[in-house]
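Asker: So that we are looking at the same thing, I have put the structure below in structure tokens.
The values are calculated or read from the model by the stated rules, or taken from the named source; none is laboratory data. Everything numeric here is computed off the predicted structure, so don't read it as measured data. Each accessible area value is taken on the protein alone, full model and side chains, heavy atoms only, with ligands, DNA and RNA left out. Shrake-Rupley method; radii C 1.70, N 1.55, O 1.52, S 1.80 Å.
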Amino acid sequence: MNQIICKTNWALVFFLAILTFLFPVLQTYAQEGFIFDDPYKRIQSQDNAYNRSIYFQKGSDKISKSDQLYLQDLAKYLTMNPDFEVYILAHAFEGKSDQNDFLVSEKRSLEVERFLKIHFVNESQIQRLFYGNSKIKHKESPRTNDSFHRRVELVVGNKNL
């Protein structure tokens, strides 16, 4: 009986060794970056001259004149390069409530999107995300300079990546 169990154990060990050799995918390693892909990979900053942040007055969604000039250049670039797209990442930190900050950031992203559409940017080239106050730029002291939190980040990238 012991011989049968011993032969069975060796057969099992041999079978598992072959499986491990033939299918190394079955081995899982807990190394950072190997198990899960980065869900924000497409919107992370790529080295592009058109990536920029624009800032707003408190509670406002009005785009300043200098930022309008930048957005006009961006619109021209996007209309000439239909394989590129822009991510509009809107933020707010108005200090009233989370819901209010979320709504203000949505208004800012809509205003930038409207401006780009007026300047003939195709709707399929515009992606909007609004965060409210969930992505504060300086987490250690959020109240030091509120203007950094009242922003829209524009990230331009290739659609096909």
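Asker: Tell me which residues come under 5 Å, amide H to amide H, from Ser53 once H is placed; ignore anything under 5 positions away on its chain.
Answerer: Under 5 Å from the amide H of Ser53 lie the amide H atoms of Leu154, each far enough along the sequence or on another chain.
Asker: Per residue, how much accessible area does the stretch 51-152 show when a 1.4 Å probe rolls over the protein heavy atoms, in square angstrom?
Answerer: Values: 5590 Å² over 102 residues.
Value for the stretch 51-152: 55 Å² per residue.
Asker: Average the reciprocal distances over every distinct pair of alpha-carbons in the stretch 50-114, invert the result, and give the Kirkwood radius in Å.
Answerer: Details: mean 1/r = 0.0782 Å⁻¹.
It works out to 12.8 Å.
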